[in-house]
């Protein structure tokens, strides 16, 4: 199964991940390009924090080197992590309005590991999982690895519609639902309190497993209450510090209902046995000494400046974004397609990701939804504001002319 491939739809069955040849637009391909292939590119492709305000790792490691507790980091630890690390994670989740007991929280190696543990522990091959029409490609990838059926559910300006979820459940025998309620990837939509409550009620009534991805919750100016907080007996909630502090800090948090803890820990033990304790120790210290809060304030300011630059250059075009969002969703005017636009941008030295990489529709519409032509623009990768501005100028200039479908990818 190729990483992050296109999906295929089968009437009455849902959407499966389909095989396709490796191409230049999969996130897996872009992420693993040698440095020499991307040195001269302006990258708006991968979604990670802006470089401004990155915490001082050298100072943290120097401090740890003088502490006896460092020896503990080299020993085997419980699969779910040390209790003091889990308590720190619970304190962090308070700022996201997500109540959690340390006994019901697991330390993971990033949010992707948390998502794998949640999916593999709750769904079996062939099970149907409700998703948005456009969603996180890492979820699409995992669905292929775990042989899950993805069922795209119709949404609106607030995200997935509760009535559409109920209809999909009746038609496809859903086992669970995957949601990104805050700063959705890739559309940047944030659900209202009312929409979250309505979805929680439907999820409870239909006896579905909820997997809630809140990796961007720390960037929202006013934290919304997670859906999992309204349905704690069936909600698996995941977040991390990678999207808010530094992508190399592979540290995630997975909140699990008490009755599901054993199943989740079995999957975690089978995958990596335990999270590297040193990562959790660094994250814990940054949470406890206030560094994490300070970094987020700094990064939110930088995000606001960068997004204002991009929005200004693309004024007059349909760019969706919200305060705190690390990406914008640029809907393209006809006759542009996402892949045609991405190819022409790449030929001019700018990397963006077309909407096809996020699509769960397959080759045709699904459940009455029509695919859109768009690209995701991530503002974290550019080295500085000047590079952000140059890249956005190129993106705007491309739209000023009709697409050249003959132009080869460079």
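Here are some notes:
- Compared with the direct C-alpha span, the chain from residue 317 to residue 269 gains 12.5 nm at full extension, assuming 0.36 nm per residue.
- Using every pair of distinct Cα positions in the chain, the Kirkwood expression returns a hydrodynamic radius of 21.8 angstrom.
- When 383, 243 are sorted by how many other C-beta atoms sit within 10 angstrom of their C-beta, beginning with the fewest, the order is 383, 243.
- Taking the DSSP beta bridges with both ends in the range 57-292, the antiparallel portion is around 40 percent.
- If you wrap the Cα atoms of the range 99-182 in a convex hull and average its projected area over all directions, you get 6.3 nm².
- Percent of beta bridges antiparallel (DSSP, the chain, rounded to nearest 5): 60 percent
- Between the range 131-150 and the range 291-362, the Cα center-to-center distance that results, in Å: 22 Å
- Whole-number percent relative contact order across the chain, with pairs defined as alpha carbons under 8 Å at least 6 apart: 25 percent
- Beta bridges assigned by DSSP with both partners in the range 255-410 are antiparallel in approximately 100 percent of cases.
- Each of 299, 167 was scored by other Cβ atoms within 10 Å of its Cβ. Arranged with the fewest first, they read 167, 299.
- Value at 222 nm in deg cm²/dmol, rounded to 500, when DSSP H runs of n ≥ 4 in the chain each add -39,500 (n - 2.57): -11000 deg cm²/dmol
- Approximating the spin labels as points 7 Å out from Cα along Cα→Cβ, the residue 91-to-residue 54 distance works out to 2.6 nm.
- A Stokes-Einstein calculation at 10 °C with viscosity 1.306 mPa s, built on the Kirkwood radius of the range 57-292 over Cα pairs, returns a diffusion coefficient of 88 µm²/s.
- Ranking of 340, 182 by neighbouring Cβ atoms within 10 Å, starting from the fewest: 340, 182.
Bear in mind these aren't lab numbers, they're just calculated from the coordinates by the rules spelled out. Since we're looking at a predicted model, the values are computed, not measured. With ideal geometry, Cβ positions are generated from the backbone for all residues, glycine too; neighbour counts draw on all protein chains shown.
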